[in-house]
Amino acid sequence: MRVYVPLTLPGLAEAHQAGELGPAPLDAYAVTPALREWYLSDDVEELEYAALGLAAQGSLRLLAGDAAAPRRRVVVAVDVAESAVTPCQDSGADQAEPAAVRLAGAVRLAKAASVHVDADDAEADVAAAAAALDAAEQGDEDARFTVDGADDHELMWFAVQEIPNLI
């Protein structure tokens, strides 16, 4: 099963040095039954893209909590056994996160399929979005517009072997 783990660039550097994403439990995003219902699509590629987008929002939350991190969203796509994944909806989590899952254990970085990172030109919009995130989550429509501006930037795809160049 493919899962998308949100990180920051310092988090990616730590994972690269440790050789794994962790410690457990890990919050991630995947194509879940709740996502299928929310997104109303049977197209697996569309659903995977939606899960990646929600993981990018998770990365934005991490950036909002780490003022020192470069303002670029990071998501690592990893293939894991389905038995290692627990949908958060099953544990009473907010339905606003239809793709949210939890991984019970750390995952070797060697299992990563790809890394997705914002381009340099997204930094200003991502910085503004991270600064506006709390207000947006409190219902401020102007802040929500600012947060949505980060989504205008597509995450770039990188092979796992390119991680040293990213960090």
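Derivation of every value follows stated rules applied to the coordinates shown; laboratory data play no part. Values in this document were obtained by computation on a predicted structure and should not be read as measured data. Cβ atoms come from the backbone with ideal geometry, glycine included; neighbour counts cover every protein chain shown.
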- line: Ranking A84, Q138, A128 by how far each Cα lies towards the positive end of the charge dipole of the chain (+1 on Lys and Arg Cβ, -1 on Asp and Glu Cβ), the top one is A84
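For a quick protection proxy, order the peptides 73-85, 132-144, 43-55 by their average other-Cβ count within 10 Å, most packed first. Mind showing how you got there, number by number?
Working: 73-85: 19.4, 132-144: 14.6, 43-55: 17.5.
Packing order, densest peptide first, comes out as 73-85, 43-55, 132-144.
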